[in-house]
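Working notes for the structure below.
The values are calculated or read from the model by the stated rules, or taken from the named source; none is laboratory data. Given the structure is predicted, the values throughout are model-derived calculations rather than measurements. All Cβ positions, even for glycine, are placed from backbone atoms using ideal geometry, and neighbour counts span all protein chains on display.
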Amino acid sequence: MIPIFDTHAHLDLEPFSNDLDAVIRRLESGTLPVVLDEPLNQPIEITGVLLPGIDAQSSYRCAELAKRSPLFHAAAAIHPNYVINATDNDWKIITELAHCDSVVAIGETGLDRYWDYTPIEQQIAALKQHIDLAVQTAKPIQIHCRDAWNDMLPILRQAVKEKNLTGIIHAFSGEPEQAAECIELGFYLSFAGSVTYRNAKFSPLWESAKIVPANRLLIETDSPYMTPHPFRGKLKRNEPSLAVMVAVRLAELRGTTLEEIAETTTQNARQLLCTPFIS
């Protein structure tokens, strides 16, 4: 069996609203949503899926989903693009959820300069709130960083130095220099479908994937987004089982085997998120 732990999947969102039961059955049986042209030499086994919230309602749904299958674990937060609409009651809900056993991480939080939904000052303030919550609950944080490394890295440096913050850089998209600094700060780097894309503009990301120490490496899908190659543009959505394609690409880039990548990233996810082994 090839163990797969998807550390970021939005199964609570609308693209899964009509057939989530079928998706869960596929995950529990290790069934891919597509037929591979080059079959894997072993069947896959989904060992865990982390479900991050993007606002208070989403975080609540993720916590409820975590009750439906032992494979699911929830994270609670307000995504930077949704911070502008957050109310005091929303923050109260996030804080309450963060203390639940089914919520194993604080996320998805961070900074985003690609979209212009929330002023960066508000994003930074919200990120610092989430950092404090992660420290208070002794749970890892899941960081979203898009076109905002110059803002993000000083905040993480300070939080690691003063508060012993730990966590995941979700869907890492940076260059090797940024990867190296995140590693030095003690973060795990999670790679998504973008590392499988063959466009030359992704070559810095490929180089980043090569330098991450094995004990800091994670995989994810960001379902329903970021469908991996060769299914990008061919499937209506991504699913957690397709994290195996990210593992295939990482094995290729790092000169190792799919089995080693799968086992290492699963072990890392379990260790960071303190999740039990599912057999």
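Data table
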{"item": "Index of the failed condition, Ala56 passing every other in (1) within 24 Å of Ala125 (Cβ to Cβ); (2) touching a Cys at 6+ places or on another chain (Cβ under 6 Å)", "result": "(2)"}
{"item": "Some residue of the stretch 80-90 being surrounded by 24 or more Cβ atoms within 10 Å (Cβ to Cβ) and under 18 Å from the mean Cα position of the chain (by Cα)", "result": "yes"}
{"item": "Single condition Phe172 does not satisfy, out of (1) more than 15 Å from Ala105 (Cβ to Cβ); (2) in contact with a helix residue (DSSP H, G or I) (Cβ under 6 Å, 6 or more places away or on another chain); (3) of a type in the set (A, V, I, L, M, F, W, C); (4) not in a helix (DSSP H, G or I)", "result": "(2)"}
{"item": "Only one of Thr227, Thr221, Thr257 that is hydroxyl-bearing (Ser, Thr, Tyr) and closer than 23 Å to Phe187 by Cα", "result": "Thr221"}
{"item": "Test: residue in the stretch 173-186 that is closer than 23 Å to His10 by Cα, aliphatic (A, V, I, L, M) and buried (at least 20 other Cβ atoms within 10 Å of the Cβ)", "result": "no"}
{"item": "Of all residues in the stretch 34-72 being part of a loop (DSSP other than H, G, I, E, B) and of a type in the set (Gly, Ala, Ser), the one that is surrounded by the fewest Cβ atoms within 10 Å (Cβ to Cβ)", "result": "Ser69"}
{"item": "Residue in the stretch 109-132 that is surrounded by fewer than 23 Cβ atoms within 10 Å (Cβ to Cβ), of a type in the set (Gly, Ala, Ser) and modelled with pLDDT of 95 or more present", "result": "yes"}
{"item": "Single residue of Thr31, Thr95 found to be β-branched (Val, Ile, Thr) and either buried (at least 20 other Cβ atoms within 10 Å of the Cβ) or assigned to a loop (DSSP other than H, G, I, E, B) (or both)", "result": "Thr31"}
{"item": "Exclusive hit being of a type outside the set (A, V, I, L, M) and either touching a residue at least 60 places away in the same chain (Cβ under 8 Å) or out of contact with any Lys or Arg (no Cβ under 9 Å at 6 or more places or on another chain) (or both), set Asp116, Asp132", "result": "Asp116"}
